[in-house]
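*Asks:* Just passing along the structure, written as structure tokens.
Values in this text are rule-based calculations from the coordinates and carry no lab data. These figures come from a predicted structure and were not determined experimentally. A quick note on method: Cβ atoms are made from the backbone with ideal geometry, for glycine too, and the neighbour counts reach across all protein chains shown.
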Amino acid sequence: SGRCSISIAEQSSYAPCILGRSFGCTNAAAAERSPSVWVRGCRGRFLLRGCSGKDETGIWCGYPPGASSYNCSCAGRSTASWPRAPHLRSRRADRTPPAKTE
């Protein structure tokens, strides 16, 4: 059914949403599937053509904030890729003074 087409309708993130760099669309792999939106580091409402035969569909993508990337479907479902949390020391251990030695 042709290539997907996307534009941003409303940006919600502080980071800029740049087509092809921080957002875009992925063509459906099979005829019965619709295209999807992908975002990396930006959030907002995107206008995607080709969802279930509709001319244009508004899709919110990039929520909840915090993931490194998202893939959002025409049906409103999204998957997120969360960055690996670095190993953090206990804050309590940071505040505990070393034991006195004599």
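*Asks:* At a 10 angstrom cut-off on C-beta neighbours, averaged per residue, how do the peptides 3-16, 35-48 rank from highest to lowest?
*Replies:* Numbers: 3-16: 14.0, 35-48: 21.4.
Highest mean packing first, the order is 35-48, 3-16.
*Asks:* Further question on the same structure: Can you tally the net charge around residue 23? Count Lys and Arg as +1, Asp and Glu as -1, for every other residue whose Cβ sits under 15 Å from the Cβ of residue 23. Walk me through the numbers on the way to the answer.
*Replies:* Working: positive: 21, 40, 43, 45, 49; negative: 10.
Computed value for this residue: +4.
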